[in-house]
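Engineer: Once you've had a glance at the structure underneath, I'll fire off some questions.
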Amino acid sequence: MGLVWVREQWNKRMGSGNERSVREYVRSWLVLRDSPLDDSFQVLASSGLPVLFTPYIGSDGVADTLGALLKKLEAHQPDRDQPFLWEVTANYGNVLDPVLGDPNPLDRPTEISLDYDRFQVPLTIDLFGAPVLNSVNEAFDPPVEKDDSRPTLTMTRNELAAPDAIAAAYKDVCNSDAWFGQPSYMWKCGGIKYQRAYENDVLYWKVTYIFHLNPKSWDSRVLDRGTHWIGDDGVTPTRFRAADGSLLETSLLNGEGKPLGKVDSAHAGAVGVLTAAMAATDTTVFSTGGAPAINWPVLVDTYPIVLKVDQELIQATAPRPGPGGSWTNVIRGYGGTTAATHASGATIAMQPYYLAFSPYPMLPFANLRLP
C-alpha cells in the first residue's frame with residue numbers, strides 16, 4: 001500500500017479577508033493510492049500534502065504576511081467507483097480554532113489572576129501597633145478576632161514534565177528573595193496543582209501555582225507570658241505567685257524571661273520613673289534603670305520595645321548602654337498616640353511584649369521561573 005501521486009487542484013483555491021484582518025484560505029489536492037484498502041489516515045500522511053499548523057504559502061512561494069496556518073485537513077473519496085482516488089481539502093486561517101488553541105501548548109503565556117481570601121484571625125496588635133489588652137494589661141480570652149483578607153495570586157502555565165519535586169519542596173514555603181514586588185517572607189506558596197493534558201500531538205502538564213500575600217510578613221507574633229520567670233541567678237526558673245503566696249496561672253514577661261510587672265518589693269518589673277522632664281520633641285528618655293531591680297530588656301535582638309509615659313506610647317529601638325544609661329533615638333507618639341511633655345518622676349512602663357516566630361521555611365521563588 002503506497003502513494004502513486006499527489007496533484008493540487010488549482011481551480012479550487014479560495015481565499016477571503018475582512019476589515020479585522022482575518023484571513024482564510026482553502027486548497028485542494030487529488031491523491032491517488034495504489035490500494036483500495038488505504039484509509040484517510042494514510043491518505044493525509046501522503047508525501048506532498050501540507051502538515052497541520054504550517055503557514056499558508058502562495059503561488060509565488062511567499063507565506064501569508066498575517067500568519068495564516070493550516071487549521072484543518074480533510075480527506076474523502078469523491079467517486080465511489082474510484083476507490084484509489086481521494087480528494088484532500090486544507091483550510092488555513094490566521095485566527096486559530098479556540099478548541100485547538102495555539103499549535104504548541106507549551107508556547108502559550110502564563111495565565112495570571114488575583115483574588116482575595118477572607119478569614120478570621122486573632123487581633124493581638126491594633127492598626128497602630130499597640131497591644132490589644134484589657135484594662136489590667138492582660139490578653140483577652142478568648143482573643144479578639146478580626147476579618148483578614150489576603151491577596152491570592154494564581155499562575156497557570158503548561159509544562160512538559162510533572163513538577164513533583166518542586167511541588168513537594170515549595171509547599172507552605174515563603175520567599176527568601178524579593179519577588180513579585182514584595183520583600184522576603186511576604187509571599188507563601190499555598191500549593192502547586194497539576195493535571196495531565198494532551199493537545200495538538202503534545203503531551204504536557206497544566207500546572208497551577210497558588211501564592212498568598214501577607215503584607216505584614218508571615219512571622220507569628222505571640223504575647224510573651226508564662227508560669228515562671230528567670231530568677232536573679234539568670235538560670236533558675238521561679239514560679240509566679242500572688243501576694244498571698246498562691247500560684248498564678250500565667251503572668252506577662254519582658255521578652256527576656258523577666259517579669260514585666262512588679263513581683264515583690266525587690267523586683268519592680270519593667271517599670272521605672274523619668275529622671276528628667278521630657279519635651280514633646282525630645283528623642284532621649286532618661287529614667288531609672290538597672291538590672292535586676294528594673295527589668296528593662298538588655299539584648300539587641302529583643303528590640304524594638306514600647307514604653308508608656310502618661311498617655312503617650314514611645315518606641316525604643318535599641319537597648320540602654322548600661323544600668324544608668326538612657327534610650328536614644330526613640331520614636332515619639334507611637335501607636336497613634338500624641339507626643340506630649342512629661343514631668344520628671346512620671347512613671348514609665350514597658351508595654352506587653354510580643355515574641356516573633358518564623359513558622360515557615362524559605363526558598364528563592366526566582367527558581368520557579370515565573371513571570
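Read the figures in this text as sums done on the coordinates, not as results from a lab. Note that the coordinates shown come from a computational prediction; the quantities given were computed from them, not determined experimentally. Note that each Cβ is placed from the backbone with ideal geometry, even for glycine, and that neighbours are counted across all protein chains shown.
Engineer: I need the calculated FRET efficiency for the pair A266 and D164, taking r as the beta carbon distance and R₀ as 45 Å, to the nearest 0.05.
Structural biologist: The computed FRET efficiency comes out at 0.15.
Engineer: Dimensions of the chain along principal axes (Cα, Å, largest first)?
Structural biologist: Result for the chain: principal-axis Cα extents of 115, 43, 33 Å.
Engineer: Something else about it: Are there GluC sites (Glu not before Pro) in the range 1-110 that DSSP marks as loop and that have at most 13 other Cβ atoms within 10 Å, and which are they?
Structural biologist: Answer by residue number: E19.
Engineer: Amide H to amide H under 5 Å from N295: which residues, 5+ apart in sequence or cross-chain, H placed 1.01 Å off N in plane?
Structural biologist: G269, A270, V271
Engineer: OK, next. For the range 130-188, which GluC sites (Glu not before Pro) are both in a DSSP coil and crowded by at most 13 other Cβ atoms within 10 Å?
Structural biologist: none
Engineer: OK, next. What FRET efficiency comes out for the pair S149/F41, r = Cβ-Cβ distance, R0 = 56 Å, nearest 0.05?
Structural biologist: Once rounded, the FRET efficiency stands at 0.55.
Engineer: Under a point-charge model restricted to the Cβ atoms of Lys and Arg (+1) and Asp and Glu (-1), what is the dipole moment magnitude of the chain relative to its Cα centre, in debye to the nearest 20? The partial results should precede the final answer.
Structural biologist: Working: 31 positive and 42 negative charges, 71 e Å.
With Lys and Arg at +1 and Asp and Glu at -1, about 340 debye.
Engineer: By the scheme Lys and Arg +1, Asp and Glu -1, what is the net charge of all other residues having a beta-carbon under 13 Å from that of D232?
Structural biologist: Working: positive: K258; negative: D233, D264.
Here the charged neighbours net out to -1.
Engineer: Follow-up question, since we're still on this one. Throw me the Rg/Rh for the range 61-193, computed over C-alpha atoms with Kirkwood Rh, two decimals. The partial results should precede the final answer.
Structural biologist: Details: Rg = 28.6 Å, Rh = 21.7 Å.
A ratio of 1.32.
Engineer: Still on this structure, please answer the following. Across bins of 5 angstrom width beginning at 0, how are the C-alpha pair distances of the range 225-351 distributed, in whole percent?
Structural biologist: 2, 11, 21, 24, 17, 12, 8, 4, 1
Engineer: For the range 3-93, what log10 I(q)/I(0) values come out of the Debye formula at q = 0.14 1/Å, with one point per alpha carbon and no solvent?
Structural biologist: Values returned for q = 0.14 Å⁻¹ are -0.51.
Engineer: How large is the Kirkwood hydrodynamic radius of the range 233-283, in angstrom, based on all distinct alpha carbon pairs? Intermediate values should be presented prior to the final figure.
Structural biologist: Working: mean 1/r = 0.0752 Å⁻¹.
After inverting the pairwise mean of 1/r, the radius is 13.3 Å.
Engineer: Jot down the radius of gyration and Dmax of the range 138-283, Cα atoms only, both in angstrom.
Structural biologist: For the range 138-283, the Cα-based Rg and Dmax read 25.8, 83 Å.
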